[in-house]
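Here is the structure we will look at, set down as structure tokens.
The values are calculated or read from the model by the stated rules, or taken from the named source; none is laboratory data. All values derive from a computational prediction rather than experimental measurement. Cβ coordinates were reconstructed from backbone atoms using ideal geometry, including for glycine residues, and neighbour counts include every protein chain displayed. Remember, those area values only see protein heavy atoms, side chains included, never the ligands or the DNA or RNA. Shrake-Rupley method; radii C 1.70, N 1.55, O 1.52, S 1.80 Å.
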Amino acid sequence: MTRETFTDLVLDSEPTLYRVAMSMLRNEKDCEDAVQTAILTAYEKLGTLKHEEYFKTWLMRILINVCNKQLKSASKTTELNDTDLSSGNAEVSTEIRIAIESLPVKIRQVVVLYYIEDFSVKEIKSIIKIPEGTVKSRLSKGRTLLKDYLRD
């Protein structure tokens, strides 16, 4: 893969990277650091990418690993920030955005990837490295929690 191709693919993926990182980290500065670290890591490890058509999935996996590492190392609790899950094509109301933010991280991660970023269950399985059944059960649990939250 050429440097120009890498740059184009990263630029195309940047809004998605930002939204996914923001959904996990809930802090703009941490989000920006995670995205930057993920892009740098991807560039350094570009030789390990076997199939160029899976670049976005591969890059998303790197980002999620970076975010998980930041979450583990952060001992502080972050407050709910004004995340912009509604950028791009997805229009998410403030109430739904807040409901999504209230979900546990593992469930929120799958919900955002599926409903906001339009990844398939199989792609999410590859990104997060969990069984397909786990993706489906987290989506189901997320829908239930969102319904309960929005009813109240």
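Remarks
- Flag if residue 80 is loosely packed, with under 14 Cβ neighbours inside 10 Å, assigned to a loop (DSSP other than H, G, I, E, B), modelled with pLDDT under 90 and not charged (D, E, K, R): yes
- Failed item in (1) within 19 Å of the chain's Cα centre (by Cα); (2) open to solvent by less than 60 Å² (accessible area, probe 1.4 Å), with residue 33 passing the rest: (2)
- Candidates are the residues of region 101-152 that are aromatic (Phe, Trp, Tyr) and within 19 Å of residue 16 (Cβ to Cβ); the one that is surrounded by the most Cβ atoms within 10 Å (Cβ to Cβ) is 119.
- Residue 3 surrounded by 13 or more Cβ atoms within 10 Å (Cβ to Cβ) and of a type in the set (Lys, Arg): no
- Any chance residue 140 is at pLDDT below 90 and either over 20 Å from residue 58 (Cα atoms) or touching a His at 6+ places or on another chain (Cβ under 6 Å) (or both): no
- Taken together, the criteria place residue 102 among residues that are of a type in the set (S, T, N, Q) and at pLDDT 85 or above.
- None of 41, 48 is more than 25 Å from residue 152 (Cβ to Cβ), surrounded by 14 or more Cβ atoms within 10 Å (Cβ to Cβ), at pLDDT 80 or above and of a type in the set (S, T, N, Q) except 41.
- Residues that are among the charged types (D, E, K, R) and over 18 Å from residue 5 (Cα atoms), drawn from region 15-67: 19, 26, 28, 29, 30, 32, 33, 61
- Residues (over 13 Å from the mean Cα position of the chain (by Cα) and aliphatic (A, V, I, L, M)) located in region 49-72: 49, 71
- Among the residues of region 6-28, those identified as open to solvent by 40 Å² or more (accessible area, probe 1.4 Å) and under 13 Å from residue 67 (Cβ atoms) are 18, 26.
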